[in-house]
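See structure below.
The values are calculated or read from the model by the stated rules, or taken from the named source; none is laboratory data. All figures in this text were calculated on a predicted structure; none of them were measured in a lab. Heads up, the Cβs are rebuilt from the backbone with ideal geometry, glycines too, and the neighbour counts pull from every protein chain shown. Side chains are part of the model used for accessible areas, which takes the heavy atoms of the whole protein and leaves out ligands, DNA and RNA. Shrake-Rupley method; radii C 1.70, N 1.55, O 1.52, S 1.80 Å.
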Amino acid sequence: MNVRDSEHMIAELNAQEGYELTDNPREADLIMINTCSVREKPVHKLFSELGGFNKLKKEGAKIGVCGCTASHLGKEIIKRAPYVNFVLGARNVSKIGEVIHRDKAVEIDIDYDESQFAFKDFRTSAYKAYINISIGCDKQCTFCIVPKTRGDEISIPADLIVAEALKAAESGAKEVFLLGQNVNNYGRRFSGDHEKVNFTELLRRVSTVEGIERIRFTSPHPLHMDDEFIEEFARNPKICKSMHMPLQSGSSEILKAMKRGYSKEWFLNRAAKLRAMVPDVSISTDIIVAFPGESEEDFADTLDVMRQVRFEQIFSFKYSPRPLTEAEKMTNTVDSEIGSERLSRLQAYQDTILDEITAGYLGREFDVYFEELRSDGYVAGRTDNNIVIKVKGSEEWLGKIARVRITEVSRLVQYGEIVA
Ligand code: 5AD
Ligand code: SF4
């Protein structure tokens, strides 16, 4: 989502102000840092990065802080780093053309939304188009700061999303990536009088766009994975067979304390239905360890879900208390060392699962959409089920889909050769 927000700001600056991108911060007239605030670490990193940029920037260059940490800290950022010229919240990115002209501007209003509906053209990748389908989040997961920084959830009208997909196809992209904090809750609320369309119907409509061959999306919420959604996912050949299912915890007790709205059994039931209906589906997840109150037994439940689902990819985090959240006030915290130990145990267990999964890829053939030129004489792309594969080759393969046989496997990237 931050990549898409950055694209949006770059588009505005480019169209209205004539700015161009540079890789060299010493040369830049404007340096912007787009921030995350989900965990504490990136917030600390922001201030050290800011200090660094302030030292090397050229005379008169401006520095702006955008994104969720901007929303959350607001004018505090300018207090701590007085050389910062403006602060622009995650929900306000389309105001970029205005705030750069108002020194010390702080725009972090989360009621502001219509702006996000106006799309400007800029894409980081020529082969894949990120498209926002909703902004904000209506859930109240007790560990999560996002609803406070990105505000209430509002869906973007379906016809605008389909128009974006058409534009992407016309410019040569074969893949669209639909984005929202909770994509399968799509359609609950629009800002005006728009046609009510749910996520499953939106997927159907986007898949009618000629030229778009692959549709990805993130993040769906396990609670809203109803049968209709899973069946469309299984049936529709344009929908990539890779599903992100953020588990957070395998313990029903902890899930309740997190206010996730589902139990261990529900999660297992949905994952089993997916595996049964979609051969070769890859399932990724997010897991938090050491949430307040997590006992060794609760943690064992998380390992048990990993054992049963056998995720192809896990993003795992030690719980980090965040301001403005309910969990921050919980007193039954887990010792930090126990948290680190659980995180290493979880990651080591996942490594053993992953080694078995990737060993099974050897010799198999997949269709790969090549998107990236690597410096070492390789091109890289993804299979429909999200396996990253590198093949010896040059830019002639970029933007093409080819059949590849996997010849060498590892945890992160697989190697292959083109067979057709
Ligand atoms: N501490 C640790 N991890 C968190 N996440 C969100 N909030 C926190 C927190 N306070 C993780 C969740 C989410 C992912 C984007 O970040 O797993 O799915
Ligand atoms: Fe945060 Fe929960 Fe919303 Fe995801 S669904 S953004 S974890 S509040």
Two-decimal ratio, the chain, of alpha-carbon radius of gyration to 2.2 N^0.38 Å:
1.01
With θ taken as phi - 60° and the coefficients 6.51, -1.76 and 1.60, list the Karplus ³J(HN,Hα) couplings across the stretch 162-177 in order, rounded to whole Hz; mark glycine and proline as x.
5, 4, 4, 5, 4, 4, 4, 5, 4, 8, x, 6, 9, 10, 10, 10
Calc'd 3J(HN,Hα), the stretch 391-407, phi into Karplus 6.51 cos²θ - 1.76 cosθ + 1.60 (θ = phi - 60°), Hz, glycine/Pro = x, comes to 9, 4, x, 10, 4, 4, 8, 4, x, 10, 10, 9, 7, 10, 9, 7, 10
Report for the chain the percent antiparallel among DSSP-assigned beta bridges with both residues inside it, nearest 5.
35 percent
Two-site FRET efficiency, Arg345 against Trp266, from Cβ-Cβ distance with R₀ of 25 Å, rounded to 0.05:
0.50
Please turn the phi angles of the stretch 196-213 into ³J(HN,Hα) values with the Karplus equation 6.51 cos²θ - 1.76 cosθ + 1.60 (θ = phi - 60°), one per residue in order, whole Hz, x for glycine and proline.
6, 9, 8, 5, 4, 5, 4, 4, 4, 5, 5, 6, 7, 6, 5, x, 7, 9
Positive-end extreme of charge dipole, the stretch 145-187 - chosen from Val176, Ile161, Ile145 (charges on Cβ):
Ile145
Determine the gain in length on full extension of the stretch Glu328-Ala163; use 0.36 nm per residue of separation and subtract their C-alpha separation, reporting nm with one decimal.
55.2 nm
Sort by residue number and report every cysteine in the chain with no other cysteine beta carbon within a distance under 4.7 Å.
Cys36, Cys66, Cys68, Cys137, Cys240
Considering only C-alpha atoms, what is the centroid distance from the stretch 374-420 to the stretch 319-340, in Å?
41 Å
Scan around Ala61 for amide H atoms under 5 Å from its own, H built in the peptide plane at 1.01 Å from N, and keep only partners 5 or more places away or cross-chain.
none
Mean ellipticity per residue at 222 nm, deg cm²/dmol - from DSSP H runs of n ≥ 4 across the chain, formula -39500 (n - 2.57)
-9500 deg cm²/dmol
Cβ-Cβ FRET estimate between Asp29 and His194, R0 fixed at 51 Å, reported to 0.05
0.85
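Among Lys95/Lys196; Lys62/Lys167; Lys241/Lys392; Lys241/Lys390; Lys55/Lys104, which pairs are too far apart, with a Cα-Cα distance over 21 Å?
With Cα atoms farther than 21 Å apart: Lys95/Lys196; Lys62/Lys167; Lys241/Lys392.
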Å² per residue, accessible surface of the chain at 1.4 Å
44 Å²
Between Ser375 and Arg411, take the C-beta separation as r, use R0 = 22 Å, and let me know the FRET efficiency to the nearest 0.05.
0.55
Label-point separation, Thr124 to Glu76 (7 Å along Cα→Cβ), nm
2.6 nm
So how much slack lies between Arg275 and Leu21, counting 0.36 nm per residue of separation and subtracting their Cα-Cα distance, in nm?
87.1 nm
In debye, nearest 20, what is the charge dipole magnitude of the stretch 2-107 about its Cα centre with +1 on Lys and Arg Cβ and -1 on Asp and Glu Cβ, if you could check?
540 debye
With all protein chains modelled, accessible area of Cys137 [1.4 Å, Å²]
20 Å²
Spelling it out for Ser242: with amide H atoms placed in the peptide plane at 1.01 Å from N, the residues 5 or more places away or on another chain with amide H under 5 Å from its amide H are Ser282
What accessible surface, in Å², does a 1.4 Å probe find on Phe47, ignoring ligands, DNA and RNA and rounding to the nearest 10?
30 Å²
Which of Pro222, Tyr369, Ala11 sits closest to the plus end of the dipole of the chain, meaning its Cα is farthest towards the positive end, when Lys and Arg get +1 and Asp and Glu get -1 on the C-beta?
Ala11
Low-density loop positions, trypsin sites (Lys or Arg not before Pro), the stretch 226-280 - DSSP coil, at most 14 other Cβ in 10 Å
Lys259
Nearest-20 debye value, the chain charge dipole, Cβ charges on Lys, Arg, Asp, Glu
440 debye
Whole Å is fine, so just give me how far the alpha carbon centre of the stretch 16-37 lies from that of the stretch 128-168.
24 Å
Where the accessible area of the chain is counted over protein heavy atoms with a 1.4 Å probe, how much of it, in %, is carbon and sulfur?
50 percent
